[in-house]
Amino acid sequence: MLNYEEWLNLSEDEKMRLTDAEMPQIPQAQLTNHLTAAKAEKRDGVIGWTVTQEIRNGSRTLWFAEHKQQEVNGIPMWYRFNPMNGTYEMQIETEPTTEQEPIGSYGTAWMHFMEENHPELVEVMRMQHKFLTTARSVDRSAWEYRELLDRQYEQMYPRPNGTFEENLRWEKTRAFYTDGTVMRERVLIPLTRP
């Protein structure tokens, strides 16, 4: 039988593959809010918890799905059932910070574009924890597109075998063309999801 900490580290697929005997049960000493028993259980393909709670004239046993969703002002919010106290707790999704996972130059340019031109969309994306994730996606897409454009440009206009100045002029022209195209077609557009 798993303990609760091990249970929390499992994916949903791993949880579904567990047998009834492997499902965790919370020790009574860890239960609060007048709960006397809490055991994980599958019902109709949904994982949840069966809890027993003392009430004034006896006890009651109820089953709660482990996850539930509720819309608040049109935004879907997820809640996870806490079997230790018998309540649902909001699950706040977070995204890696820029220190944990840096954002490249195109993603940063997109962030500045969005903040200056679409602050209302930025506010919603930040509330949904999608702003930095979308910036990283824009950055990856922009760099992949730039590599493609660089290859296409070199095929259409082969690199000269001339002087240093001719090669430098060719490099600047190619960079100007590819960077401008990437900025117009991948970066300076109001995306709201990765």
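Test each condition in (1) touching a strand residue (DSSP E or B) at 6+ places or on another chain (Cβ under 8 Å); (2) crowded, with 18+ Cβ neighbours inside 10 Å; (3) not assigned by TED's automatic domain parsing to the domain that holds Gln70 for Gln128 and report the one that comes out false.
For Gln128, the failing item is (2).
Yes/no per residue for (1) more than 22 Å from Met90 (Cα to Cα); (2) in the same structural domain as Gly86 (by TED's automatic domain parsing); (3) crowded, with 16+ Cβ neighbours inside 10 Å:
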site: Met16; (1), (2), (3): yes, yes, no
site: Ala21; (1), (2), (3): yes, yes, no
site: Asn33; (1), (2), (3): no, yes, no
site: Ala40; (1), (2), (3): no, yes, yes
site: Val46; (1), (2), (3): no, yes, no
site: Trp49; (1), (2), (3): no, yes, yes
site: Gly58; (1), (2), (3): yes, yes, no
site: Leu62; (1), (2), (3): no, yes, no
site: Glu66; (1), (2), (3): no, yes, yes
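With Trp7, Trp49, Trp63 as the choices, which residue is farther than 30 Å from Val124 by Cα, touching a helix residue (DSSP H, G or I) at 6+ places or on another chain (Cβ under 8 Å) and among the aromatic types (Phe, Trp, Tyr)?
Trp7
Considering each residue of the stretch 122-158, count those that are touching a residue at least 12 places away in the same chain (Cβ under 8 Å), touching a Phe, Trp or Tyr at 6+ places or on another chain (Cβ under 7 Å) and among the aliphatic types (A, V, I, L, M), and give that number.
So the count comes out to 4.
Please go through the stretch 127-164 and give me each residue that is part of a helix (DSSP H, G or I), within 20 Å of Phe176 (Cα to Cα) and among the basic types (Lys, Arg), ordered by number.
Selection gives Arg140, Arg146, Arg151.
Conditions (1) at pLDDT 90 or above; (2) in a helix (DSSP H, G or I); (3) within 16 Å of Leu8 (Cα to Cα), marked per residue:
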position: Thr52; (1), (2), (3): yes, no, no
position: Trp63; (1), (2), (3): yes, no, no
position: Glu71; (1), (2), (3): no, no, no
position: Met84; (1), (2), (3): yes, no, yes
position: Glu93; (1), (2), (3): no, no, yes
position: Glu99; (1), (2), (3): no, no, no
position: Pro102; (1), (2), (3): yes, no, no
position: Tyr106; (1), (2), (3): yes, yes, no
position: Met125; (1), (2), (3): no, yes, no
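Considering only residues that are within 18 Å of Ser105 (Cβ to Cβ) and without any contact (Cβ under 8 Å) to a residue 40 or more places away in the chain, which ones fall in the stretch 172-188?
Residues satisfying the conditions are Lys172, Arg174, Ala175, Phe176, Tyr177, Thr178, Asp179, Gly180, Thr181, Arg184.
Out of the residues in the stretch 134-172 meeting the condition of being within 15 Å of Arg186 (Cβ to Cβ) and hydrophobic (A, V, I, L, M, F, W, C), tell me which one is surrounded by the fewest Cβ atoms within 10 Å (Cβ to Cβ).
Filtering the stretch 134-172 for residues that are within 15 Å of Arg186 (Cβ to Cβ) and hydrophobic (A, V, I, L, M, F, W, C), the one surrounded by the fewest Cβ atoms within 10 Å (Cβ to Cβ) comes out as Leu148.
The values are calculated or read from the model by the stated rules, or taken from the named source; none is laboratory data. What you see is a predicted model; the values in this text were computed from it and never measured. FYI the Cβ positions are ideal-geometry reconstructions off the backbone, even for glycines, and counts take in every protein chain you see.
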